[in-house]
Structures are given as C-alpha cells and as structure tokens.
C-alpha cells in the first residue's frame with residue numbers, strides 16, 4: 001500500500017507537468033476537479049508566514065504544495081496528522097458550479113471562483129493550530145459558497161488509527177492511546193463532517209458521514225461549511241487542529257442565580273475560544289458578563305469575549321446587576337377624598353422602561369396590552385393590585401411582572417351630631433331630636449332605657465325616634481357608612497319631655513270638667529268607646545294608671561261640687577295618692 005501511495009505522488013508530479021504543457025485531462029487530477037482553472041495569486045505570498053511552530057504544534061505546507069499541513073510536537077519529534085505530510089487539500093464551490101481545488105497551495109494566496117475570493121492562513125494558539133478561511137463575495141448578489149478540506153490522515157506513525165466523531169468535530173487516537181488528533185470548528189459548527197476510507201475523502205468533502213461508528217482502517221477525513229455570503233461581504237471560518245498528548249478540558253457556564261441552560265465548551269487546553277452569547281436570564285436583573293469566581297461580582301470576561309482554555313476544567317459565573325434601581329412602592333396611607341389618587345410611586349430602571357397595569361388579584365397578571373407607562377390611580381376606597389414589568393423598546397418583556405397591593409382607606413363620615421329637642425307633653429307625637437345632613441352614609445337611630453347600654457345592631461333604623469308622653473328618653477344614633485366611608489361609633493342623646501299643663505278630669509280637653517267628661521270616662525270603663533292615650537291620662541284622676549269607677553266617682557264629685565279635683569301643681573310631691581274617693 002505504501003508503494004502504491006508513493007506511485008500516486010509520482011503520478012501527481014507527472015500530471016502537474018502535463019498540465020503545464022496542456023496535455024493532461026482535467027478528469028485525471030483531484031478526483032475529476034481541475035486545479036487552477038480560476039486561480040489568481042494577486043497577494044504576495046511572501047508577506048504571509050508559510051510556516052510556524054511553538055512547543056506543541058507546527059504548521060507548514062504539505063508535500064508538493066497539495067495543501068496546508070499540521071503536525072503535533074513531542075519534544076524534538078513531530079507527530080504527523082496526514083500521510084507522508086501530504087497535507088489537507090481545500091475545495092470551494094459557488095452556487096453549485098464546478099469545484100475549485102486550491103492547488104499549488106500557499107498561505108495567503110488568493111483563489112477565485114465565480115467572483116468569490118478565498119485565502120487560507122494559519123495561527124498558533126497553544127496546543128492548537130487555527131486554519132482560517134477568509135471568503136469575500138465581490139459580486140453584486142448573494143452567493144452560496146461551500147468550502148472545505150480533506151486529507152489522507154494518520155496519527156504519528158499509525159495510518160490505521162481509529163476515527164470517530166466528537167460532539168462537534170472528529171478525533172483520531174493511535175493504538176497505544178499516547179497521541180491524539182482532534183479537529184474542531186473554531187467559530188460556528190461545521191456544516192458537514194466525514195471520515196472513512198481515505199480514497200473517498202475528496203468525493204465526500206461536502207458530505208456528512210451517516211454512520212457514527214468508529215472507522216479503523218486506512219482513513220481520511222473531510223469537513224466543510226455552506227455559507228450564504230451577501231454581495232460585497234467577507235466571511236471568516238476557522239478550523240482547529242491539534243495533535244499530541246492533548247486531552248480535552250471543559251469550560252462550563254454557571255447561571256449564578258439565574259435560569260436557563262448553556263452548553264459547555266469542550267476543547268483542547270490553551271485553545272483560544274469565543275465565549276458563547278449568554279442565554280441565562282434572571283428576573284429583574286441585567287447580565288453584565290462573566291466572573292471566574294463563584295461570587296459573581298466582577299466582570300472578568302464580556303459576553304462573546306475571547307477566552308484561552310486552561311489545563312483544567314473551569315467554570316465562568318454570570319454577573320448580574322439589578323435592573324430596577326428604584327422599586328415602585330405603594331403610596332400609604334391613602335384615604336378616600338372624593339378625587340383620583342395615584343396608587344404607587346414610579347420606579348426607575350437602568351435598561352428598558354417600567355410599565356404598569358391594574359389587576360384583579362395578586363396571582364393573575366394582566367394581559368400584555370393592559371400595560372402602559374401611566375401610573376394607575378383610583379377614586380373609590382378599596383384594595384387594588386398594581387402590576388408592573390420591564391419591557392424593552394420593542395415592548396418585549398425583560399423582567400417578569402410583579403404585583404403591589406395598595407389600599408385606599410375609607411374616610412370617616414362628616415355629620416353634625418343630633419341635638420335633643422326641648423319638648424313638653426302636649427298629647428301629640430313629637431320628634432325627640434333634630435338632625436342635619438350626613439355626608440358619607442345614612443344616620444340610624446335606636447332607643448334604649450339608659451345611656452350606657454349600646455343597642456344591638458338590628459335595633460337601629462332610619463326613623464327619628466318620637467314620644468307623646470312626658471319622660472326621659474335615650475336616643476342612640478350612628479352613621480352607617482357607604483362604600484367609601486366608615487361607620488361611626490354609636491352615641492347617645494338624652495331627651496326630656498316635660499309634663500304638659502292640663503286640667504285633670506277634663507277628658508275632652510275643652511277647658512271644663514263636666515258631665516261630658518264623666519260620660520266619656522264611663523264609656524271607656526264600660527268598653528263602649530275607648531279613650532285615646534292623652535284623654536286616658538286626663539281621665540285617670542287618681543294617677544294609678546287604671547281608668548275605672550274610682551276615677552268616674554272623683555270626676556262626678558268634682559262636677560257636683562262635693563270634692564274638687566286637685567291639679568298636678570296642687571298635689572304635694574310626697575303624697576303617693578293625692579286624690580281618693582274616701583271623702584267623697
């Protein structure tokens with residue numbers, strides 16, 4: 001097999017000579033792809049380094065300038081990654097047209113196909129060589145470009161080392177496990193990755209391998225990108241190649257109190273990577289960058305910054321800054337005053353803007369279109385739920401809604417306390433108190449037998465208490481507040497109705513005591529015609545609370561002139577019974 005490969009090199013050299021002479025058909029070279037048909041070399045190749053090395057890695061040009069070549073280093077020994085250091089051949093295809101093979105390779109040399117200009121350069125980064133593909137579309141319309149590289153690979157002296165996929169690339173480990181080759185994308189994933197029989201590498205440079213099983217025969221690998229390049233734009237793609245006793249390390253992201261997931265970066269130590277764009281979120285906070293300390297207080301790396309992997313697994317911690325610098329707060333106390341009142345104070349934010357909405361409770365956030373920058377207000381007393389959130393200029397929420405419960409307290413009713421009327425018994429029903437208008441509710445009243453015992457709630461009514469007799473009355477009052485006013489505490493007004501000045505025995509109140517009065521009293525006693533309350537009092541001349549024959553006898557004695565009735569002002573206050581029929 002080795003002899004066959006060497007014969008291939010001789011044949012390749014002969015073909016090159018024949019091509020210069022115009023005698024070689026295109027189908028005989030590079031799997032049917034003619035080399036150099038659209039190649040220019042306008043850049044001065046001497047200005048771009050054609051090789052480079054550090055203690056770990058080396059890059060150079062492959063045998064017979066077939067492509068770029070990458071080798072690992074172990075002290076003074078070099079670790080091959082391509083058979084006989086032939087290197088990695090590069091192909092480009094624009095809009096599905098004929099492929100262009102980058103023959104007579106040189107770093108920095110420009111290759112042009114259908115108006116797309118490409119070149120390849122290399123950079124050393126620790127244990128990694130970055131192969132940098134730069135493509136510029138000089139056309140006036142967008143071009144779809146495929147570009148990739150392939151090689152007959154080996155690791156050190158092992159031409160049959162097992163090949164397999166890594167998460168994003170390809171690896172090859174020699175039989176002893178002492179050396180490893182790794183291919184990884186440098187910025188953006190590969191569009192295609194392939195490994196298999198080396199003779200099929202060129203044909204599969206733009207294809208994916210479907211079978212993920214390990215390949216352990218004479219191997220080749222290939223990788224490519226498919227890129228849409230707008231008119232006049234330049235796109236850069238990178239592949240990272242490493243070889244030697246490398247091993248991978250992992251750089252993880254910690255949300256540090258936030259939520260979400262970010263895939264760790266697994267790569268070779270001392271590789272320069274670009275940090276992934278943050279996708280963590282923390283409600284009410286702004287992402288500022290990354291810290292190497294779990295405290296997450298200092299921004300050491302910005303979002304998307306370059307980062308060089310160390311020899312150990314590492315973690316970067318999200319650094320957060322509170323976005324709301326001044327939280328909205330409930331205004332307290334708020335008391336009903338008949339006018340509109342703001343319910344909360346306005347908040348302040350570093351980024352975006354605060355918007356507010358009224359909700360029905362503290363659990364259910366309002367719909368998105370209910371929010372505005374206006375501070376919610378209200379008139380009536382009650383409990384209110386003001387929701388707020390932070391949105392960006394496109395009204396996309398960047399801080400989840402939160403709720404503030406605030407209260408407008410009921411006001412005390414405004415009223416003048418009822419006053420006792422100055423009353424004298426006159427036989428009519430009289431209002432005991434005088435009231436005035438009440439602002440904020442309804443005045444209610446109740447009667448009790450003293451000024452100490454508050455009436456039950458259901459004893460109060462809206463009618464003003466009255467009396468038609470002399471005596472002392474205890475009128476209680478309170479205001480039953482409306483939806484915006486409190487109830488007032490019950491209070492008592494003491495009212496005295498003085499006794500009236502009438503003739504005892506003058507039942508019909510005509511100013512005379514005569515037979516008519518006797519007849520009316522008798523009719524009542526006989527149950528024929530009952531007296532009204534005030535007439536009853538005038539007929540009850542012995543003041544025992546009963547109208548009977550005794551009262552009729554006393555009235556009759558008065559009419560006959562036998563014994564005159566005493567009036568109230570004539571009766572000594574110490575006598576319990578001032579008038580009797582004993583002397584009649």
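Remarks
- Just one of the numbered conditions (1) surrounded by 17 or more Cβ atoms within 10 Å (Cβ to Cβ); (2) touching a residue at least 24 places away in the same chain (Cβ under 8 Å); (3) at negative phi is not true of residue 310: (1).
- The range 155-171 - residue that is under 19 Å from residue 212 (Cα atoms) and not in a strand (DSSP E or B) and, of those, farthest from the chain's Cα centre (by Cα): 160
- Scanning the range 52-67 for residues that are at pLDDT below 95, touching a strand residue (DSSP E or B) at 6+ places or on another chain (Cβ under 6 Å) and surrounded by fewer than 16 Cβ atoms within 10 Å (Cβ to Cβ) yields a single hit, 54.
- Across the range 74-89, the number of residues qualifying as farther than 18 Å from residue 197 by Cα and either free of Cβ contacts under 8 Å to residues at least 12 places away in the same chain or under 52 Å from the mean Cα position of the chain (by Cα) (or both) comes to 3.
- Filter result for residue 351 (under 15 Å from residue 401 (Cα atoms) and at pLDDT below 95): no
- Residue match in the range 278-293 (condition: modelled with pLDDT of 95 or more and under 24 Å from residue 239 (Cα atoms)): yes
- If the condition is being closer than 19 Å to residue 549 by Cβ and surrounded by fewer than 19 Cβ atoms within 10 Å (Cβ to Cβ), then the range 508-519 contributes 514, 515, 516, 519.
- The set of residues from the range 248-276 being under 21 Å from the mean Cα position of the chain (by Cα) and assigned to a loop (DSSP other than H, G, I, E, B) comprises 255, 256, 257, 258, 260, 261, 262.
- Filter result (under 42 Å from the mean Cα position of the chain (by Cα) and either without any contact (Cβ under 8 Å) to a residue 60 or more places away in the chain or not in a strand (DSSP E or B) (or both)) within the range 209-231: 230, 231
- Restricted to the range 490-502, and to residues there that are at pLDDT below 95 and part of a loop (DSSP other than H, G, I, E, B), the residue that is nearest to residue 427 (Cα to Cα) is 500.
- Filtered by the rule that a residue be part of a strand (DSSP E or B) and over 23 Å from residue 332 (Cβ atoms), the range 373-400 gives 390, 391, 397, 398, 399, 400.
- Which listed residue is part of a loop (DSSP other than H, G, I, E, B) and either closer than 21 Å to residue 52 by Cα or not assigned by TED's automatic domain parsing to the domain that holds residue 52 (or both), from 106, 122, 151: 106
- Filtered residues of the range 151-200 (kept if surrounded by fewer than 17 Cβ atoms within 10 Å (Cβ to Cβ) and at positive phi): 177, 188
The values are calculated or read from the model by the stated rules, or taken from the named source; none is laboratory data. Remember, it's a predicted structure, so these values are computed and weren't measured experimentally. All Cβ positions, glycine included, derive from the backbone under ideal geometry; neighbour counts span all protein chains shown.
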